[in-house]
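One structure is given below, encoded as structure tokens.
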RNA sequence: GCCAGGAUGGCCGAACGGUAAGGCGCACGCCUGGAAAGCGUGUUCCCUUUCGGGAUUCUGGGUUCAAAUCCCAGUCCUGGCGCCA
């Protein structure tokens, strides 16, 4: 969240930020008004309390001196003050709670070079990589969901049967590919200096608030036990929507040493998202599902270093696609497409050549976002109480957090199944992954299992 | 799951109804030829231009003129017992 002081002193900057994002429904003037009323009550209460403290310590003295009469008079005065105080402080607390609630719903202020715009079409392309010497794949390359089902690699029907729509099975070599990708990414990032953690999958409400998922975005998350419409408290658990939540909150309410920084963690975890209303041709297959794997990169840095680190973090995520030989591009997100907590975000979009979509390169296919790399500055740190102690300062300051997906697994699988597709309908395993698949060079598919395959004429 | 003990500043740790000792670390200053030692000041948050004030002993309630201290509920930690992949 933004600090009260910042909002108080820079209301215009906050308003401009909201406009750039296209965020409606946040009334900065109302927040300023709340703040002012709260401060007035607070100082009134403080004065009363000061008087009560003076009277109260006098009671102690009088009692010690044995002056019961004077002590009794002071006790009566103290009781009066107590009643007044309760009244004032209750009103102040209500205002403060309201102020806090409003502030939690204000998104981060975008950095100066974030372009204006409403959505993905307004994002700025920064660079394109891997397109100079592309591989020869079939002219009529087939979408991953078709070839995946034909080769018995993806099973949507059985996933839906077992867990519901939006869940699927990876079978045989596809499952193997998924595991290989995870191990491969972990190794790449380890070389880049990342310390690995394996986080808990459920997270509590306080963690979800720390990184900015709550209170605004309850509908995106899976809640354990209760319905999402019920009020939640700190004990409620949610299924991790991204390891960003668990890893960023790992040091919540702690003070890190400046020697610890920059701190780079990577974490593999499954991620769960409800994705309400996200269905259609663009999300067919495994492009957007309720559960997916991801290796997440989380950085904790000193405030002065976060801009530089953002660039490096983008390169660290790109490295995965470079080594896999997959063409991609990097975009700078416009104000309207950035997430709530971010001050600046780059997306990395891999090229999936099979489905020609409006949002894709001229030569066909589509862009698939595989990584979103963001600088949150102190926005999450302030919510989560993440601080560090600069060497030459006496008091602790909020540090800056950044994160990026070390690329989301299923979409990389889509790109591999399409870009590495061969004329004979098989899929070549990218060289970088072969050491993780015991040298396997090609995915040829599997025989179907079950009676239904006989009816479909695929088995005798 | 049961029983017992515990949670105090960046860290350690005292006070156990009368308004948060002390130590360590760190920063700055004094001292010094330079350092060490020593001495002094500072080292949570909020309000306040300043002066200053308020809050804060795990969290939330309660008793009291007054709660770190007493009572209730909860969270987490430690130990013992039990159960368990």
Going through the range A:11-27 in order, the residues found to be within 16 Å of RNA strand B (Cβ to nearest atom) and crowded, with 16+ Cβ neighbours inside 10 Å are A:14
Cβ pairs under 6 Å, 6+ apart or interchain, first in the range A:254-275 and in the same structural domain as residue A:402 (by TED's automatic domain parsing), second loosely packed, with under 14 Cβ neighbours inside 10 Å, ordered by first then second residue, are A:258/A:391; A:264/A:193; A:265/A:195; A:266/A:196
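One line per residue, one yes/no per condition, for (1) without any contact (Cβ under 8 Å) to a residue 12 or more places away in the chain; (2) away from RNA strand B (no atom under 16 Å from the Cβ); (3) assigned to a loop (DSSP other than H, G, I, E, B); (4) touching a strand residue (DSSP E or B) at 6+ places or on another chain (Cβ under 9 Å):
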| site | (1), (2), (3), (4) |
| --- | --- |
| A:317 | no, yes, no, yes |
| A:323 | no, yes, no, no |
| A:326 | no, yes, yes, yes |
| A:331 | no, yes, no, yes |
| A:370 | no, yes, no, yes |
| A:380 | no, yes, no, yes |
Taking the range A:263-311 and keeping residues buried (at least 18 other Cβ atoms within 10 Å of the Cβ) and over 19 Å from the mean Cα position of the chain (by Cα) leaves A:285, A:286
message = Take the conditions surrounded by fewer than 17 Cβ atoms within 10 Å (Cβ to Cβ) and within 9 Å of RNA strand B (Cβ to nearest atom) and apply them to residue A:56. Does it pass?
response = yes
Discussion item. Here is a check on your reading of the model: is residue A:321 crowded, with 21+ Cβ neighbours inside 10 Å, at pLDDT 90 or above and in the same structural domain as residue A:242 (by TED's automatic domain parsing)?
Written reply: yes
In the range A:228-266, anything at pLDDT 85 or above, in a helix (DSSP H, G or I) and within 16 Å of RNA strand B (Cβ to nearest atom) is listed as A:246, A:249, A:250, A:251
Of A:109, A:126, A:114, the only residue that is assigned to a strand (DSSP E or B), touching a residue at least 12 places away in the same chain (Cβ under 8 Å) and either outside the structural domain of residue A:22 (by TED's automatic domain parsing) or farther than 18 Å from residue A:377 by Cβ (or both) is A:126
Item to complete: Return yes or no: is residue A:433 surrounded by 16 or more Cβ atoms within 10 Å (Cβ to Cβ), under 19 Å from the mean Cα position of the chain (by Cα) and in the same structural domain as residue A:320 (by TED's automatic domain parsing)?
Response: no
Scanning for something surrounded by fewer than 17 Cβ atoms within 10 Å (Cβ to Cβ), at pLDDT 95 or above, away from RNA strand B (no atom under 16 Å from the Cβ) and in the same structural domain as residue A:310 (by TED's automatic domain parsing), does the range A:383-403 turn up at least one residue?
-> no
Matching residues in the range A:267-297 (in a strand (DSSP E or B) and under 25 Å from residue A:224 (Cα atoms)) number 12
Within the range A:35-45, of all residues that are over 18 Å from residue A:12 (Cβ atoms) and surrounded by 14 or more Cβ atoms within 10 Å (Cβ to Cβ), the one farthest from RNA strand B (Cβ to nearest atom) is A:37
When (1) farther than 30 Å from residue A:377 by Cβ; (2) modelled with pLDDT under 90; (3) in the same structural domain as residue A:180 (by TED's automatic domain parsing) are applied to residue A:459, the one that fails is (3)
Residue pairs qualifying under the 6 Å Cβ cut-off, at least six apart or on distinct chains, with the first in the range A:62-87 being under 29 Å from residue A:44 (Cβ atoms) and the second being away from RNA strand B (no atom under 11 Å from the Cβ), are A:62/A:70
Any residue that is surrounded by fewer than 18 Cβ atoms within 10 Å (Cβ to Cβ) and under 18 Å from the mean Cα position of the chain (by Cα) - is there at least one of those in the range A:406-414? no
Across the range A:153-185, the tally of residues that are at positive phi and touching a helix residue (DSSP H, G or I) at 6+ places or on another chain (Cβ under 9 Å) stands at 1
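The values are calculated or read from the model by the stated rules, or taken from the named source; none is laboratory data. All values derive from a computational prediction rather than experimental measurement. With ideal geometry, Cβ positions are generated from the backbone for all residues, glycine too; neighbour counts draw on all protein chains shown.
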